[in-house]
Amino acid sequence: MAMAALRREGRRFAAPLISPQPIRSSLIAEEQAPLGVRSISTQVVRNRMKSVKNIQKITKAMKMVAASKLRAIQTRAENSRGLWQPFTALLGDAPSVDVKKNVIVTISSDKGLCGGINSTSVKISKAMHKLTAGPEKETKYVILGEKAKAQLIRDSKKDIELSITELQKNPLNYTQVSVLADDILKNVEYDALRIIFNKFHSVVSFLPTMSTVLSPEVVEREAESGGKLGDLDSYEIEGGETKGEILQNLAEFQFSCVLFNAVLENACSEQGARMSAMDSSSRNAGEMLDRLTLTYNRTRQASITTELIEIISGASALEG
Amino acid sequence: MASNAAVPFWRAAGMTYITYSNICANLVRNCLKEPYKTEALTREKVHFAVSKWVDSKPQKSSMIRIFLDLGFLRCAIRSDTEEE
């Protein structure tokens, strides 16, 4: 019982010591120690140090895992860029096209601890929503990933059309994304699809990007106004298909390819962001550990000094 | 052909170009020889959970697509060729 009381006393007085007041802490130790307390307990600081060290190990391990996953997926993402580049060369990318029905496809991750990439995607989606809003215009969301869903549910609930999760359970492949694209095309009416994702430029830089895919009717309409799409008529069509049919096939395939590339790039960005988030987390844990070690040593030395003082004053009281 | 535009049979059956190309890719993958075949078939696994939102609420009956290969789609294409 006495020991428990002693420990409790020690804890109460050790707590103010942990606050970062380097000069005052040793004075506090000697002033506030009441009679009967042997030494100030360093248990609290030691527990904290142990947990911070564990956290540092875990975040370091997560960084390594993210680095290896990034390596695996990065080559695939870079190779998939070749899928949509011919489409952009043929049909152009027209972000400023003015249409009645916009569908914003927001790509985010399912898991957290990846820095700010999901928040930037959601921010851009909301900005896009505001930009494309207007009389007689309708903008809907299709959400890939849990994190964007959680953020968009809060204020745009009525505009959500579809939400898709558990995309990365198996390694990403084209078949999966194309089935997903098919689902989206079948369930959502659109004039223009705007896909928002984080493009992977390097391990430290992921920029939010938007790709636009137009429906075949809109392509026809834009073709009349000239520009890149107007040159479509100069192409010769082989086989028994009409231009309208080819445009429809192309639009569907373009969406599937662009979505595939977007999903891969977002996955890369997610791993890269997780790497840097875990890296800064381990560094912060290291700094915290340094500060805690200093406090621990100071507390320890203060308690030793107190004991010595007691012993010496006791001994001198006996002599004198 | 009865219709004005010569619509290909798969378009008339309600398939999109994406489904059509996936079926063709599946057929090509099944033509590969053994070590490459299993490797290629791992690239056909599809899994995601989709839920449609109605009136600001996700529908409980979410369609979870877990088909591991597109074998089921082959029956659709076979019945069309028989009609022609």
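Kindly work out what percent of the DSSP beta bridges joining two residues of the range A:109-235 are antiparallel, to the nearest 5. Percent antiparallel among DSSP bridges in the range A:109-235 is about 70.
For the residues of A:179-185, the average number of beta carbons from a partner chain within 10 Å of their own beta carbon is 5.
Expressed in units of 2.2 N^0.38 Å, where N is the residue count, the Cα radius of gyration of the range A:181-320 is 2.36. If you wrap the Cα atoms of the range A:35-133 in a convex hull and average its projected area over all directions, you get 12.3 nm².
Averaged over the residues of peptide A:250-259, the number of Cβ atoms from other protein chains lying within 10 Å of each residue's Cβ is 2.
Counting other Cβ atoms within 10 Å as a rough exposure proxy, the listed residues B:CYS31, A:CYS257 run B:CYS31, A:CYS257 from fewest neighbours to most. According to the calculation over all Cα-Cα pairs in the range A:50-197, the P(r) per 10 Å bin from zero is 9, 32, 35, 16, 6, 1, 0 %.
In whole angstrom, the range A:139-263 maps to an equivalent ellipsoid with semi-axes of 29, 17, 16, each derived as √(5λ) from the alpha carbon gyration tensor and ordered largest first.
Radius of gyration (Cα atoms) of the range A:131-213, expressed as a multiple of 2.2 N^0.38 Å: 1.21. Dividing the summed -39500 (n - 2.57) terms of all DSSP H runs of n ≥ 4 by the residue count of chain A sets its mean residue ellipticity at 222 nm at -22000 deg cm²/dmol. Taking a straight Cα-Cα cut-off under 19 Å and skipping sequence neighbours fewer than 8 places away in the same chain, the lysines within cross-link reach of A:LYS243 are A:LYS228. Both radii come from the Cα set of chain A: Rg as radius of gyration, Rh as Kirkwood radius; their ratio Rg/Rh reads 1.28.
Just so you know, all these numbers are worked out from the coordinates, no wet-lab data involved. All of these numbers come straight from a predicted model, not from anything done at the bench. Neighbour counts are summed over all protein chains in view; Cβ atoms, including those assigned to glycine, are modelled from backbone coordinates with ideal geometry.
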